[in-house]
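S.K.: Here's a structure for you.
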Amino acid sequence: MFATGNYRRDAGTHYTATTGTYLTAITGILYSATVGTITPLSSEEYSKTSNIKVILDPKKAKKRHFAYLSVFDNKKWVPIFWGEIHSNSVIFNKMGREVAYLPIYYNSTGNIPAGNPFLLSASGEIKILKPNAKKLQQVVLYRKYPYLFYGSPNDKMIGGRFQGANNPDFVNAVDLYTFNSMTNASFCDLEIENNRRFKYLRYIGADGKNCNINELMFYDENGKEITGSIIGTEGSCNDNGSTKEKVFDKNILTGFEAPMPNGGWVGLKSQKAVRVSRIRFMPRTDGNIIEKGDSYELVYWNNGWKSLGEQRASADSLVYNNVPSNALYLLHNRTKGADERIFTYEKGKQVWW
């Protein structure tokens, strides 16, 4: 079944039908049934469309009457609009901008690519994504899916303090670092210049933040992770299970959320006083970062998805060399997770579509 009509890329980089028809191919007969509005748009949003003319390969278009435009639904290309073929071309009217499209044919065996994918920009310009194997590039990847949370929870660690002390009550505690930045769902590394040694180490959240933190690691002067007994505020917010132990479970998707907004803290009691040279922590996250130990595969579209090889991540990013430029890419996590999104690589950054 094909959903046809006006589409836009929403905040989650998914595609939302606004008006149109559903088309179904059954025993070679195409028929339609009009449906009502699914997601209304403002008049300003609705006006951001373009009429697109797609030139088709004469050999592939021969004896075909219809072609379709499809969008990527994070797993596959899904037809959303159709048009009649005339003189090896087809016009698609009122197509949403800031979207990546793939022209396809359809038959009983499924979708058949009818050309290269292309981008329809915010200004209505079309950019064809035809891989250039003569112009290879290095790409550095940090995510497999766009980060969609803006503001809260990214501000939950602003004003939080990392402290050291030599008594369990943290009397006369020393601030090793005060964090005053927004987070972006990725690991943060802090270099510590204080040379004093401490037996008790902790993170104490700023007032009103419930001490939100997902993972926490302290490293000694030799770069070795400091271990010890887990200490801190007991319980969790609304008894949701986000206790202090979750901060040290090596699972970036779990963490601590204190039962009260002010004064919550979590940390370690070391066997002996140690000097902290580095602190590494994970704020609230969606889990779509590059995670050490996980296996990834980068693919690009060239009349189908073509592999550029698998890598096991050894850092917070992946580096691929000899990658064809001007292509559409997709990064799979072969270890875990389901979220993934197509992207281009522009000026050294991933651009999501």
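The values are calculated or read from the model by the stated rules, or taken from the named source; none is laboratory data. In this text the structure is predicted, and so the values were computed from the model without any measurement. In this analysis, Cβ positions are derived from the backbone assuming ideal geometry, glycine residues included, and neighbour counts consider all displayed protein chains. Note: accessible area is taken over every heavy atom of the protein model, side chains too, but ligands, DNA and RNA are not part of it. Shrake-Rupley method; radii C 1.70, N 1.55, O 1.52, S 1.80 Å.
Table: residues versus (1) open to solvent by less than 10 Å² (accessible area, probe 1.4 Å); (2) touching a strand residue (DSSP E or B) at 6+ places or on another chain (Cβ under 7 Å); (3) modelled with pLDDT under 95.
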| position | (1), (2), (3) |
| --- | --- |
| GLU44 | no, no, yes |
| VAL54 | no, yes, yes |
| HIS65 | no, yes, yes |
| SER70 | yes, yes, no |
| ASN74 | no, no, yes |
| PHE81 | no, yes, yes |
| HIS86 | no, no, yes |
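S.K.: Still on this model: If you take the residues in the range 104-124 that are in a strand (DSSP E or B) and within 25 Å of the chain's Cα centre (by Cα), which one is farthest from PHE72 (Cα to Cα)? Please lay out each step first, then the result.
M.R.: Of all residues in the range 104-124, those in a strand (DSSP E or B) come to 104-107, 110-113, 118-120.
Checking which are within 25 Å of the chain's Cα centre (by Cα) leaves us with 118-120.
Details: PHE118: 12, LEU119: 12, LEU120: 14 Å.
Restricting to residues being in a strand (DSSP E or B) and within 25 Å of the chain's Cα centre (by Cα), the top hit is LEU120.
A quick yes/no check of all residues on (1) more than 30 Å from PRO113 (Cα to Cα); (2) part of a loop (DSSP other than H, G, I, E, B):
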| site | (1), (2) |
| --- | --- |
| SER270 | yes, no |
| ASN303 | no, yes |
| GLY309 | no, no |
| ALA327 | no, yes |
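S.K.: Checking the conditions here, which among GLY293, GLY264 is of a type outside the set (Lys, Arg) and either on the phi > 0 side of the Ramachandran plot or free of Cβ contacts under 8 Å to residues at least 40 places away in the same chain (or both)? Full working, then the answer.
M.R.: Values: GLY264 fails: either on the phi > 0 side of the Ramachandran plot or free of Cβ contacts under 8 Å to residues at least 40 places away in the same chain (or both).
Exactly one of GLY293, GLY264 is of a type outside the set (Lys, Arg) and either on the phi > 0 side of the Ramachandran plot or free of Cβ contacts under 8 Å to residues at least 40 places away in the same chain (or both), namely GLY293.
S.K.: Is the range 282-298 home to any residue that is closer than 30 Å to VAL319 by Cα, at pLDDT 95 or above, small (Gly, Ala, Ser) and assigned to a loop (DSSP other than H, G, I, E, B)?
M.R.: yes
S.K.: Scan GLY228, GLY205 and give me the residue that is out of contact with any Asp or Glu (no Cβ under 7 Å at 6 or more places or on another chain), small (Gly, Ala, Ser) and open to solvent by 20 Å² or more (accessible area, probe 1.4 Å). Write out each step before concluding.
M.R.: Values: GLY205 fails: open to solvent by 20 Å² or more (accessible area, probe 1.4 Å).
The match here is GLY228.
S.K.: Here's something else I'd like to know. Kindly provide the set of residues from the range 125-142 that are outside any strand (DSSP E or B) and either among the charged types (D, E, K, R) or at pLDDT below 95 (or both), ordered by number. Working first, answer last.
M.R.: Within the range 125-142, the subset outside any strand (DSSP E or B) is 125, 129-131, 142.
Residues satisfying the conditions are GLU125, LYS130.
S.K.: Tell me yes or no: at least one residue of the range 158-166 is touching a Lys or Arg at 6+ places or on another chain (Cβ under 6 Å), crowded, with 18+ Cβ neighbours inside 10 Å and part of a strand (DSSP E or B).
M.R.: First, pick out the residues of the range 158-166 that are touching a Lys or Arg at 6+ places or on another chain (Cβ under 6 Å): 163, 166.
Pick out the ones that are also crowded, with 18+ Cβ neighbours inside 10 Å and you get 163.
Still in the running and part of a strand (DSSP E or B): 163.
Yes - at least one qualifying residue is present in the range 158-166.
S.K.: With the checklist (1) more than 30 Å from VAL276 (Cβ to Cβ); (2) among the β-branched types (Val, Ile, Thr); (3) out of contact with any Pro (no Cβ under 7 Å at 6 or more places or on another chain) in hand, flag the one item ILE158 doesn't pass.
M.R.: (1)
S.K.: Taking the range 106-115 as the region of interest, how many residues are out of contact with any helix residue (DSSP H, G or I) (no Cβ under 7 Å at 6 or more places or on another chain) and surrounded by 19 or more Cβ atoms within 10 Å (Cβ to Cβ)?
M.R.: Initial filter on the range 106-115 (out of contact with any helix residue (DSSP H, G or I) (no Cβ under 7 Å at 6 or more places or on another chain)): 106-113, 115.
Keeping just the survivors that are surrounded by 19 or more Cβ atoms within 10 Å (Cβ to Cβ) gives 106, 115.
Number satisfying all stated conditions: 2.
S.K.: Filter the range 208-221 for residues that are part of a loop (DSSP other than H, G, I, E, B), in contact with a strand residue (DSSP E or B) (Cβ under 8 Å, 6 or more places away or on another chain) and surrounded by fewer than 21 Cβ atoms within 10 Å (Cβ to Cβ) and give the result.
M.R.: The initial filter retains those residues of the range 208-221 that are part of a loop (DSSP other than H, G, I, E, B), namely 208-212, 214, 220-221.
If we keep only those that are in contact with a strand residue (DSSP E or B) (Cβ under 8 Å, 6 or more places away or on another chain) as well, we get 209, 211-212, 214, 220-221.
Listed by number, the residues that qualify are ASP220, GLU221.
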